[in-house]
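Only the coordinates and a few stated rules stand behind these numbers; no lab work does. This one's a predicted model, so the numbers in the text were calculated from it and none came from an experiment. We place every Cβ from the backbone using ideal geometry, glycine too, and count neighbours over all the protein chains shown.
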Amino acid sequence: MDLQLRDKVVFVAGASRGIGYGIARTFLAEGAKVAITGRNAEALHSAARVLSAGCRHVCAVAGDMTATSDLTNALRRTEAVLRPIDIVVADVVDGGQVN
């Protein structure tokens, strides 16, 4: 399927595992450049290694995206590495707790 996402820059907050990871993988399969975030740096970088196999369009930034300073840093890093963001997906929950 071609969703016309080639070279679009996508920021996926909360993509080191689960639904966010699947979303990032789908955007990459469509040719997008993807920034992923997660609170656990080790899990995030492991996910980035798998996602970036065969492509160079993955940027990983560790941090808590419910914290303003971490979010600002991640957005700035994404734009510095990939270019301005076209699409944002927020797959995070405040405090990491799902009710």
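Some points to look at:
- For the chain: Kirkwood Rh in Å [reciprocal of mean 1/r, alpha carbons]: 13.1
- For the range 6-99, trypsin sites (Lys or Arg not before Pro) are listed when DSSP marks them as loop and at most 10 other Cβ atoms sit within 10 Å of their Cβ; the list is ARG6, ARG56.
- Degrees, to the nearest 10: 18-29 long Cα axis against longest axis of the chain: 20
- Summing +1 for each Lys or Arg and -1 for each Asp or Glu among the other residues whose beta-carbon sits under 15 angstrom from that of GLY54 gives +3.
- Here the dipole of the chain is about 300 debye; that uses its Cα centre as origin and unit charges on the Cβ of Lys and Arg (positive) and Asp and Glu (negative).
- Under 10 Å, Cβ to Cβ, from ALA35 - net charge with Lys/Arg +1 and Asp/Glu -1: +1
- Placing a label point 7 Å from the Cα of ILE19 along the Cα-to-Cβ direction, no residue of the range 58-80 has its backbone N under 15 Å from that point.
- Rounded to the nearest whole Hz, the Karplus-based 3J(HN,Hα) values (6.51 cos²θ - 1.76 cosθ + 1.60, θ = phi - 60°) of the range 73-83 follow the sequence 4, 5, 5, 5, 5, 4, 5, 5, 8, 9, 2, with x at glycine and proline.
- Ordering VAL88, MET1, ASN40 by the projection of their Cα atoms onto the charge dipole of the chain, which places +1 on the Cβ of Lys and Arg and -1 on the Cβ of Asp and Glu, puts MET1 at the extreme positive end.
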